[in-house]
Amino acid sequence: MLDLADEVVLLPIYPARELPIEGVSSQLILEKMKNTNRSVKTKEELMDWIKNDYSKRMDKEVGNVIITAGAGDIDTLSFRELKKVCNAGPKGSKNEI
């Protein structure tokens with residue numbers, strides 16, 4: 001399903017309450033994907049990417065979708081933070097959510 005997205009950004013896999021599974025990583029998932037528009041980023045790198053790269057390409061007419069899914073603390077990547085980063089955008093940007 002991830003291959004159907006225009007772009008995929010994976011965050012590192014961390015075990016929630018279970019033990020880590022040896023050999024299972026975001027890089028492993030990335031390597032199995034056919035979509036070449038993909039990367040693995042930390043949360044900090046993701047927020048920088050949204051501000052400096054993604055926000056430049058936001059389509060005001062059609063719209064864009066950011067999907068976050070997972071366990072652990074992925075919910076700490078809040079809509080408020082995303083909105084703040086996208087609205088800040090690169091210098092001279094007029095992006096808003």
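The values are calculated or read from the model by the stated rules, or taken from the named source; none is laboratory data. The shown structure was predicted, so the numbers you read here are calculated from the model rather than taken from an experiment. Neighbour counts run over all protein chains shown; Cβ positions are idealised from the backbone, glycine included.
Worth pointing out:
- Selection status of Glu61, among the acidic types (Asp, Glu), modelled with pLDDT of 75 or more and at negative phi: no
- Residues that are loosely packed, with under 14 Cβ neighbours inside 10 Å and among the hydrophobic types (A, V, I, L, M, F, W, C) were ranked within segment 11-27; the one that is nearest to Asp73 (Cα to Cα) is Ala16.
- Residue check for Lys41: over 14 Å from Ala5 (Cα atoms) and touching a strand residue (DSSP E or B) at 6+ places or on another chain (Cβ under 6 Å): yes
- Per the listing Leu82, Leu30, the residue uniquely modelled with pLDDT of 70 or more, hydrophobic (A, V, I, L, M, F, W, C), touching a helix residue (DSSP H, G or I) at 6+ places or on another chain (Cβ under 7 Å) and surrounded by 10 or more Cβ atoms within 10 Å (Cβ to Cβ) is Leu82.
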